[in-house]
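Q: Structure incoming, see below.
The values are calculated or read from the model by the stated rules, or taken from the named source; none is laboratory data. Because the structure is predicted, anything quoted here is derived from the model rather than measured. Heads up, the Cβs are rebuilt from the backbone with ideal geometry, glycines too, and the neighbour counts pull from every protein chain shown.
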Amino acid sequence: KEERGRQRAELAELLAEHNHRILLRTYTLVGTRGDSDMMIWAVSEEPEPLQALFAAINGTALAGYLDCAHSYTAMTKRSTYVDTEPPQPRGPPETV
């Protein structure tokens, strides 16, 4: 049990290290899919940080127990809504 805990901590630390370079989200799939227990959603403007992340994951002690059931890569145009600044209040709130 201690070894599994160390392996989980190693993976969590690795994901935290890479989280500042790419957008990372992890999801549990337990009970929703028979072939996967977790999903790592990673978004980057370039493929190299993603390759570095998954190469690093493959270098962990936990990697021997991991199986990549699905891997999807996609490209999309940048959203027109991303570069806009959030709306700012124009004054004090009005009472209705």
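Q: Restricting to the stretch 13-25, name every residue that is at pLDDT 90 or above and closer than 22 Å to His70 by Cβ.
A: Within the stretch 13-25, Leu14, Leu15, His18, Ile22, Leu23, Leu24, Arg25 qualify.
Q: Let me ask something else about it. Across the stretch 48-74, what is the total count of residues that are touching a residue at least 24 places away in the same chain (Cβ under 8 Å) and either of a type in the set (D, E, K, R) or surrounded by 10 or more Cβ atoms within 10 Å (Cβ to Cβ) (or both)?
A: Here the count works out to 10.
Q: Please work out which residue is nearest to Thr73 (Cα to Cα), limiting yourself to the stretch 1-56 and to residues that are in a loop (DSSP other than H, G, I, E, B) and among the small types (Gly, Ala, Ser).
A: Checking each candidate, the answer is Ser44.
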